[in-house]
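Have a look at the structure below, then the notes.
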Amino acid sequence: MNGRTAGWVAEAAQARLAAGDPDADGPRRAVVDTRELARGDLFVGLRGERADGGELAGDALRAGAWGALVAPEHEQRAVSAAEALAPGAPVVLTAADPLVSLQRLARAWRRALGCKVVGVTGSTGKTSTKDILTALLAPHLRTHANRENLNTEIGLPLTILEAGPRTEAMVLEMAMRGEGQIAELVEVAEPDVGVIVNVGPVHLELLGTVERVAAAKAELIRDLRPGAACVVPASEPLLDAHLREDLDTITFGPGGEVMLLSFDAGRAEIESRGRTIELELPYTEPYNLLNTLAAVGAATALGVRPVGGVDVRFSSLRGEVVELPGGVTVVNDCYNANPMSMRAALQHLAESTAERRLAVLGTMAELGPASEAFHREIGEEAAALGVDVLVTVGQEALAYSEGFGGESYAAATPEEAAALLEELAIPGDRVLVKGSRSAGLERILA
């Protein structure tokens, strides 16, 4: 927030300036975790289920924070801590709901920047699409995007407030667990382009049906300003009812306005609204090729024509290829999993060159009453694709082996799975490690 003052920050956040000079230079960014605090940051004390961050405001100020935004009950202690640091006392802001104020401040900064904003959501692949789009835009525009999983009602405003004053484009991944959450993020980010990568059976524990998942994702379309653009999969009937005539709608995938014409040895020829784009891609996975089409559609909506090599850095735990000593290759894709992403990962495993193909699979979370059936179907899919060995991790994951029928092993914990993998894997093997974040499968390679 360079170039802004403490008074501007208070007004933008609709907070009361309880201490500090209103003409003081603004903060560098905002943080909600004292472990991430650096000198010049605004510390926002959020109320949590088990702790209240407002109680740590004094510690944050003494550690060099630019200031603190707290609820009224923490104001007196925060002001006392600030005044004890005079001269040049830090700022203290007070608001009834610090989270709402954080979101208001982020929206004000987004407006002050005047940059183009792309919101990206989907049942699977939204992080990779965000990463690819960021790489496509970077040679043309100063582009800012979410770090890792800063994509929630807390993480997204923090992401916006990290953007530098010269930012020309922001690519913001938008996470969703239930109804109304995408709408909350759209209200903060005010996107110029909304991208829905796909719709599938996720969060069924909360939403119940795929149709309700589609409606929740489509809040992104519903709440775009008139004249904005939306990028959606071609021939996705679940989104048809949510499309709007007053938006510029770009479809991608087979039969869409953005299509893959050819792909060979990393060279992709893509048609985007009648124009041919040639890209050199450092990946070959079919699902990431489709994600690339969604990203090209978003770039097209911004008036950017990407070309040449794509220098993409994927977020951690998403398809990372790890070469282990002894000639074993592991695909570490354990950030999240659902039936759509699991099928795509298994398909890519089946198409990869290897002596044997092993799948170490943890549970797919939040699938509701049909969870066991979904897991069993994935086991059947793994068998049909020719996976040689299956290792299940956790109680719910046992249903994979019911559908698999081949050589399979059960591990109760990721640590047990790691020990099994050391015994089973031989030179030339390729191993897929995939499951929902709650399964903790990253511990297998720890």
Of (1) in contact with a helix residue (DSSP H, G or I) (Cβ under 7 Å, 6 or more places away or on another chain); (2) without any contact (Cβ under 8 Å) to a residue 40 or more places away in the chain, residue 24 fails just (2)
Can you tell me which residue within region 15-46, out of those that are of a type in the set (D, E, K, R) and part of a strand (DSSP E or B), is nearest to residue 63 (Cα to Cα)? 25
Can you find a residue that is of a type in the set (Val, Ile, Thr), crowded, with 21+ Cβ neighbours inside 10 Å and not assigned by TED's automatic domain parsing to the domain that holds residue 365 anywhere in region 235-249? no
Test each condition in (1) within 23 Å of residue 165 (Cα to Cα); (2) modelled with pLDDT of 95 or more for residue 17 and report the one that comes out false. (1)
Which of the numbered conditions does residue 263 fail, given that it passes all the others? Conditions: (1) crowded, with 18+ Cβ neighbours inside 10 Å; (2) closer than 19 Å to residue 133 by Cα; (3) of a type outside the set (D, E, K, R). (1)
Consider residue 111 carefully, then state whether it is modelled with pLDDT of 95 or more, among the basic types (Lys, Arg) and part of a helix (DSSP H, G or I). yes
Residue 94 β-branched (Val, Ile, Thr), farther than 15 Å from residue 146 by Cα and assigned by TED's automatic domain parsing to the domain that holds residue 183: no
Could you tell me whether any residue of region 133-145 is assigned to a strand (DSSP E or B) and charged (D, E, K, R)? no
I need a count of the residues in region 246-300 that are of a type outside the set (A, V, I, L, M) and part of a strand (DSSP E or B). 15
Residue within region 324-339 that is on the phi < 0 side of the Ramachandran plot and free of Cβ contacts under 8 Å to residues at least 24 places away in the same chain present: yes
Among the candidates 96, 78, 106, which residue alone is within 34 Å of the chain's Cα centre (by Cα), of a type outside the set (D, E, K, R) and part of a loop (DSSP other than H, G, I, E, B)? 96
Could you list all residues from region 414-434 that are modelled with pLDDT under 95 and within 18 Å of residue 377 (Cβ to Cβ)? none
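The values are calculated or read from the model by the stated rules, or taken from the named source; none is laboratory data. These figures come from a predicted structure and were not determined experimentally. Cβ coordinates were reconstructed from backbone atoms using ideal geometry, including for glycine residues, and neighbour counts include every protein chain displayed.
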